[in-house]
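Bear in mind that the values in this text are calculations on the coordinates, not laboratory data. None of these values were measured; they are calculated from a predicted model. In this analysis, Cβ positions are derived from the backbone assuming ideal geometry, glycine residues included, and neighbour counts consider all displayed protein chains.
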């Protein structure tokens, strides 16, 4: 997303209209809605994704979207940490699997598969949570 949320939403909707199984477009729409504070719309769309996870298996991206929505709604820190930890665990598993199956000379495909920018987003989210915690709690967590 470039910061032009209205234009982004139009593009995500166009991508979804062209391919109704384009999960990247749906994820982008949800992330856009969260950024625009259209939380009910994001929650409705995310609920559908959460139901899909029950049949398709968990997704790091969907868990991260749950984290973003929980954070934006001011949800309990425990719920935020749960979603974020799930996203991290799933992402690390995907990265490990990709590293075991990478073919020589296919580095671009490998990098596209492991999504390093997404991993950085997860790390930044952890840092933002730790930044918001009182110092005393951080001392307890470090022990």
### Summary
1/(1 + (r/R0)^6) with r = Cβ-Cβ of residue 133 and residue 17, R0 = 35 Å, i.e. FRET efficiency to nearest 0.05, evaluates to 0.25
## Note on the structure
Classified through the alpha carbon gyration tensor (a ≥ b ≥ c as square roots of its eigenvalues; rounded if a/c is under 1.5, else prolate when a/b is larger than b/c, else oblate), region 1-56 comes out oblate
### Separation of the residue 120 and residue 76 label points, Cα + 7 Å toward Cβ, nm
3.4 nm
## Note on the structure
Note on region 81-122: alpha-carbon gyration tensor, axes a ≥ b ≥ c; rule is a/c under 1.5 for rounded, else prolate if a/b larger than b/c, else oblate; result oblate
### For a label point 7 Å along the Cα-to-beta-carbon line of residue 24, residues of region 91-108 with backbone N under 16 Å
108
### Query
Taking a ≥ b ≥ c as the square roots of the eigenvalues of the Cα gyration tensor of region 58-143, is the shape rounded (a/c under 1.5), prolate (a/b larger than b/c) or oblate?
prolate
#### Entry: 222 nm mean residue ellipticity, helices alone, for the chain (DSSP H n ≥ 4; -39,500 (n - 2.57); rounded to 500)
-26500 deg cm²/dmol
### Task
Find the relative contact order for the chain and round it to a whole percent, using C-alpha pairs within less than 8 Å whose residues are 6+ positions apart.
15 percent
